[in-house]
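**Student:** Below is the structure I would like to discuss, written out as structure tokens.
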Amino acid sequence: MVALLIAIVVALIIVIFAIQNAAVVTIHFLFWVTDLPLALIIFCSVLGGALVMFFLALRRQMLQKKAIKAKDKKAEVKAQSKQSPIEDPIVVPIDSAVNNTTTSDNSVNSHTSEEKK
């Protein structure tokens, strides 16, 4: 509410200043020369400054939201890792796995050869 009252007071001061300086002035910009009322120049300058401030505030707000989302995501990942820790997988050496299958194959072969006799 205070910010709105301050904005209204500043706007009234700008309007009073512009009205009191309503004389036509010559504007020179690069190769462009024109005669415009000073009130219009003041209004355009204030509007341009307000637009720049608006877009800067909008950019800051978007960056803050992005940072908050990243922080929330990081906290969520951290919470998930604390809830269900990943267990180490059981690693079986390749040699022992091959030896086990070879041994079982030999026992199967010995049983079948005994049955044939």
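**Student:** Exactly one condition in (1) within 20 Å of residue 8 (Cβ to Cβ); (2) of a type in the set (A, V, I, L, M); (3) loosely packed, with under 10 Cβ neighbours inside 10 Å is not met by residue 30; state its number.
**Tutor:** Of everything listed in (1) within 20 Å of residue 8 (Cβ to Cβ); (2) of a type in the set (A, V, I, L, M); (3) loosely packed, with under 10 Cβ neighbours inside 10 Å, residue 30 misses just condition (1).
**Student:** While we're on this one: Whether any residue in the stretch 14-27 is modelled with pLDDT of 90 or more, aromatic (Phe, Trp, Tyr) and either surrounded by 10 or more Cβ atoms within 10 Å (Cβ to Cβ) or on the phi > 0 side of the Ramachandran plot (or both) is what I want to check.
**Tutor:** no
**Student:** Can you name the condition, by its number, that residue 113 falls short on among (1) touching a helix residue (DSSP H, G or I) at 6+ places or on another chain (Cβ under 7 Å); (2) at pLDDT below 80?
**Tutor:** If we test residue 113 against (1) touching a helix residue (DSSP H, G or I) at 6+ places or on another chain (Cβ under 7 Å); (2) at pLDDT below 80, just (1) comes out false.
The values are calculated or read from the model by the stated rules, or taken from the named source; none is laboratory data. Here the structure is a predicted model, which is why all the values come from computation and not from measurement. As a convention, Cβ positions derive from the backbone with ideal geometry for all residues, glycine included, and neighbour counts pool all protein chains shown.
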